[in-house]
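*Asks:* This is the structure I want to talk about, given as structure tokens.
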Amino acid sequence: MDKDETGSKPFRVGFLLVDGFALMSYSAAVEPLRAANVLSGRDLYAVEHLPVVGGQSVSSSGAIVKATAHFGERVDFDLLLVVAGGDPIHFFEPRVFQWLRHLSRRGVLIGGVSGGPVVLARAGIMEGRRMTVHWEHAAALAEFDPSLLLERNIYVIDRDRLTCAGATAALDMMHALITSHHGADFATRVSDWFVHTEVRPAGWPQRAGPVQRYGTSSQPVLQAIELMENHMADPLALDQIAQLVGLGARQLNRLFRAQLGRSTMGFYRDLRLDMADNLLRQSALGVTEIALASGFASSAHFSDTYRRRFGRAPSARRKPVRLDGIT
């Protein structure tokens, strides 16, 4: 997801709405795109609505969203978001699963909102990808497939997958998406449109707020960290981060050293290593898979960098600790 240039074609977003979807989750995802078009004075985003069957989708509250396209048609998307609610673990539509796998093979960005990530998992396209889901569905999803890299965050962006817990968390995820396309200042204008003045980072639900967590109230630093958290497997360059937060690279580096005592990219590297360390402890992924998931080009580079940070090889993280001869 790169910053768009003025005059480029609209970013095409499809919403696959499973009957019984939560209206609030859908609205929080689609309305920021509409607002971005209004505030920019041009069509930055082109939106299509796709029902699972028939000519419309019906929300849990009875609201009707009419179809503007249908899955399986020759409709090209840059991003497809599946929005579901109710009992998504029992959703079974082989044609939908087949289409999602087709889009995945074509390299289309695919996301899920509320119960939508369950549909993605059931389609078999979340292997090796970090993900989240609404807490109501988390236990059932973990039981359905224990190998999933399931996190209890409000949203997770891992390479070509975007997953979100739904409700107001969709506002935060769309803020991250718009930031990656058009910069932090414009994304803030969109969030202000919805009186959403305290935008939360991806990991908000499970940890303290970013000010407390990182010990800084510098908005450019916090915005840069949010971009890093959303680009762990596909790291951004320093110039890209600086451009998206509206600063020069040297100025951003000075801020990071003054506020956090580390260079921008040094902080970024440690953030990715911390995520890799967590995956080593909690997942069954191989070292090479974890290296790629945390943005390292090879397992050798990852192993060397991990050893310098933690003083041991990644493989040693999984070995049982022996105390007085007892494992």
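*Asks:* Among the numbered criteria (1) in contact with a strand residue (DSSP E or B) (Cβ under 9 Å, 6 or more places away or on another chain); (2) over 17 Å from V38 (Cα atoms); (3) modelled with pLDDT of 85 or more, which single criterion is violated by T168?
*Replies:* (1)
*Asks:* A further question follows. Of the conditions (1) in contact with a helix residue (DSSP H, G or I) (Cβ under 7 Å, 6 or more places away or on another chain); (2) open to solvent by less than 30 Å² (accessible area, probe 1.4 Å); (3) part of a loop (DSSP other than H, G, I, E, B), A69 fails just one. Which one is it?
*Replies:* Going through the list (1) in contact with a helix residue (DSSP H, G or I) (Cβ under 7 Å, 6 or more places away or on another chain); (2) open to solvent by less than 30 Å² (accessible area, probe 1.4 Å); (3) part of a loop (DSSP other than H, G, I, E, B), A69 breaks only (1).
*Asks:* Does S59 satisfy being touching a residue at least 24 places away in the same chain (Cβ under 8 Å) and in contact with a Ser or Thr (Cβ under 7 Å, 6 or more places away or on another chain)?
*Replies:* The answer is no for S59.
*Asks:* What's the number of the only condition in (1) outside any helix (DSSP H, G or I); (2) over 25 Å from K9 (Cβ atoms); (3) open to solvent by 40 Å² or more (accessible area, probe 1.4 Å) that Q98 fails to meet?
*Replies:* Result: Q98 fails condition (1) only.
*Asks:* Would it be correct to say that E127 is out of contact with any helix residue (DSSP H, G or I) (no Cβ under 7 Å at 6 or more places or on another chain), assigned to a loop (DSSP other than H, G, I, E, B), charged (D, E, K, R) and within 30 Å of G295 (Cβ to Cβ)?
*Replies:* Numbers: out of contact with any helix residue (DSSP H, G or I) (no Cβ under 7 Å at 6 or more places or on another chain): yes; assigned to a loop (DSSP other than H, G, I, E, B): yes; charged (D, E, K, R): yes; within 30 Å of G295 (Cβ to Cβ): yes.
Answer is yes for this residue.
*Asks:* Considering only residues that are open to solvent by 80 Å² or more (accessible area, probe 1.4 Å) and among the charged types (D, E, K, R), which ones fall in segment 39-66?
*Replies:* Those that are open to solvent by 80 Å² or more (accessible area, probe 1.4 Å) and among the charged types (D, E, K, R): D43, K66.
*Asks:* Take L271 and tell me if it is open to solvent by less than 60 Å² (accessible area, probe 1.4 Å), within 29 Å of R312 (Cα to Cα) and out of contact with any Gly (no Cβ under 6 Å at 6 or more places or on another chain).
*Replies:* Considered against the rule, which asks whether it is open to solvent by less than 60 Å² (accessible area, probe 1.4 Å), within 29 Å of R312 (Cα to Cα) and out of contact with any Gly (no Cβ under 6 Å at 6 or more places or on another chain), L271 comes out as yes.
*Asks:* Search segment 195-215 for residues being part of a helix (DSSP H, G or I), modelled with pLDDT under 80 and not basic (K, R), and hand back the single one that is least open to solvent (accessible area, probe 1.4 Å).
*Replies:* Filtering segment 195-215 down to residues part of a helix (DSSP H, G or I) leaves 204-206, 210-214.
Narrowing further to those that are modelled with pLDDT under 80: 204-206, 210-213.
Okay, now just the ones that are also not basic (K, R), so 204-206, 210-212.
Working: W204: 93, P205: 65, Q206: 107, P210: 28, V211: 65, Q212: 135 Å².
Among them, the one singled out is P210.
*Asks:* Inside segment 220-232, can you point out the residues that are at pLDDT 90 or above and among the polar types (S, T, N, Q)?
*Replies:* Across segment 220-232, the qualifying residue is only Q223.
*Asks:* Looking at R122, R159, R152, which one is within 10 Å of the chain's Cα centre (by Cα) and open to solvent by 40 Å² or more (accessible area, probe 1.4 Å)?
*Replies:* R159
*Asks:* While we're on this one: Residues that are farther than 27 Å from M228 by Cα, assigned to a helix (DSSP H, G or I), open to solvent by less than 40 Å² (accessible area, probe 1.4 Å) and not hydrophobic (A, V, I, L, M, F, W, C): does segment 76-95 have at least one?
*Replies:* Yes, segment 76-95 has at least one match.
*Asks:* Moving on to the next point. Got a sec? Which of G266, G286 is closer than 26 Å to L109 by Cβ and surrounded by fewer than 15 Cβ atoms within 10 Å (Cβ to Cβ)?
*Replies:* On the way: G266 fails: closer than 26 Å to L109 by Cβ.
The unique qualifying residue is G286.
*Asks:* Which condition breaks for A140 when tested against (1) in contact with a helix residue (DSSP H, G or I) (Cβ under 7 Å, 6 or more places away or on another chain); (2) farther than 30 Å from S8 by Cα; (3) modelled with pLDDT of 90 or more; (4) surrounded by fewer than 22 Cβ atoms within 10 Å (Cβ to Cβ)?
*Replies:* For A140, the failing item is (3).
*Asks:* Can you tell me which of D185, D172, D145 is in contact with a helix residue (DSSP H, G or I) (Cβ under 9 Å, 6 or more places away or on another chain), of a type in the set (D, E, K, R) and closer than 30 Å to P94 by Cα?
*Replies:* Answer to the selection: D145.
*Asks:* So if I check each of D172, D185, D192, which one is closer than 27 Å to L44 by Cβ, without any contact (Cβ under 8 Å) to a residue 12 or more places away in the chain and assigned to a helix (DSSP H, G or I)?
*Replies:* Every option except D192 fails the conditions.
*Asks:* Now for a different question. Suppose we filter R105, R34 for residues that are at pLDDT 95 or above and surrounded by fewer than 20 Cβ atoms within 10 Å (Cβ to Cβ); which single one remains?
*Replies:* Working: R105 fails: at pLDDT 95 or above.
When all the criteria are applied, what remains is R34.
*Asks:* Which of the residues that make up segment 30-66 are under 18 Å from A167 (Cα atoms) and assigned to a loop (DSSP other than H, G, I, E, B)?
*Replies:* Listed by number, the residues that qualify are S59, S60, S61, G62, A63.
The values are calculated or read from the model by the stated rules, or taken from the named source; none is laboratory data. Computed from a predicted structure; not experimentally measured. Glycine gets a Cβ as well: all are built from the backbone with ideal geometry, and neighbour counts include every protein chain shown. For the accessible areas, the whole protein counts, side chains as well, though only heavy atoms, and no ligand, DNA or RNA atoms are used. Shrake-Rupley method; radii C 1.70, N 1.55, O 1.52, S 1.80 Å.
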